[in-house]
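Note sheet for the following structure.
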Amino acid sequence: MEKLLLHICCGPCSLYPVQAQREKAIEPVGFFYNPNIHPFMEFERRVDALETVSNSLKFDLLWDPNGYGLEEWLAALKGETRHGRRCMICYGLRLNRAASKAKELGMNAFSTTLLYSRYQLHEAILEQGRECARKHGIKFYYEDFRKGWSKGIETAKKMRIYRQPYCGCIFSEYERYEKRAGRLNQRFSESISSQGGATTA
Ligand code: SF4
């Protein structure tokens, strides 16, 4: 049986890829390394959901010892905040750690549940996965897990596990609610003009 380290971004996204790999007689070992998830309470919530999934599906799960990695993630970004560009760095950071861990454990390959999400930049993940595979001399297992999108959501709903409303970083949280934030800003500026420009501290 092929030994594969599966980088897992969150519980709901792991449901379909784990099943799909088992159907191919691959027993994945999960690996959680996601310094891109903020703030801490959100990180903890996603960790809890993943623990529920791994207990239910009964797969082994490894945690990166660095745990919550806000500072590490921000340092890797070097000030890049633009969507797309920062995602490329974010994927590279996480997949690089997964590839290195897979190599250290003597696995045949590594992969990622990021390939399941319709909201992620699929081609960029593939590019980063291949690049990390070359760098560490290990195979990157590619499968378009998006085909199991509906099936995964259905299972997550049945399990009643937490399904997050945004990708992970604080920028993606803002992007998710950008219109709402715009409406709020509009309200603030209208209230300031109705006060004749006066503000209180
Ligand atoms: S949107 Fe998601 S993939 Fe992109 S930088 Fe933020 S956490 Fe990473």
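The values are calculated or read from the model by the stated rules, or taken from the named source; none is laboratory data. Worth saying up front: this structure is predicted, and the values here are computed from it rather than measured. Using ideal geometry, Cβ is built from the backbone for each residue, glycine included, and neighbour counts are taken over all protein chains shown. Side chains included, ligands, DNA and RNA excluded: accessible areas come from the protein's heavy atoms. Shrake-Rupley method; radii C 1.70, N 1.55, O 1.52, S 1.80 Å.
If you average the C-alpha positions of region 84-106 and of region 142-201 separately, how far apart do those two centres end up, in angstrom?
So the two Cα centres are separated by 26 Å.
Using the scaling law 2.2 N^0.38 Å as the reference, what is the normalised Cα Rg of region 144-201?
The value comes to 1.90.
Taking a probe of 1.4 Å, how large is the accessible area per residue of the chain, in Å²?
Spelled out: the 1.4 Å probe surface of the chain, per residue, equals 55 Å².
What is the calculated FRET efficiency for Ala25 to Arg163, with r their C-beta to C-beta distance and R₀ = 30 Å, to the nearest 0.05?
Here the calculated transfer efficiency is 0.55.
For region 3-168, what is the convex hull (Cα atoms) projected area averaged across all directions, in square nanometres?
8.8
Using a cut-off of under 20 Å, list every residue of region 92-116 whose amide N is near the label point 7 Å from the Cα of Glu127 along the Cα-to-beta-carbon line.
92-99, 111-116
Protein chains only, probe 1.4 Å: how do His136, His83 rank by accessible area, largest first?
His83, His136
Tell me the volume per residue, in Å³, of the convex hull enclosing the alpha carbons of region 95-201.
Per residue, the Cα convex hull of region 95-201 comes to 191 Å³.
Ignoring everything except DSSP H segments at least 4 long, calculate the 222 nm mean residue ellipticity for the chain; use -39,500 (n - 2.57) per segment, divide by total residues, nearest 500.
So the calculated ellipticity at 222 nm is -17500 deg cm²/dmol.
How large is Rg over Rh for region 77-117, taking Rg from the Cα atoms and Rh as the Kirkwood inverse mean of 1/r across Cα pairs?
1.08
With a 1.4 Å probe and every protein chain kept in, tell me what percent of the accessible surface of the chain is carbon plus sulfur.
Roughly 51 percent, rounded to a whole number.
With a cut-off of at most 14 other beta carbons within 10 Å, and DSSP calling the residue loop, which trypsin sites (Lys or Arg not before Pro) in region 63-126 qualify? Please list them.
Those satisfying the criteria are Lys78, Arg82, Arg118.
Would you mind calculating the gained length between Arg176 and Glu104 on full extension (0.36 nm times residue separation, minus the Cα-Cα distance), in nm to one decimal?
22.2 nm
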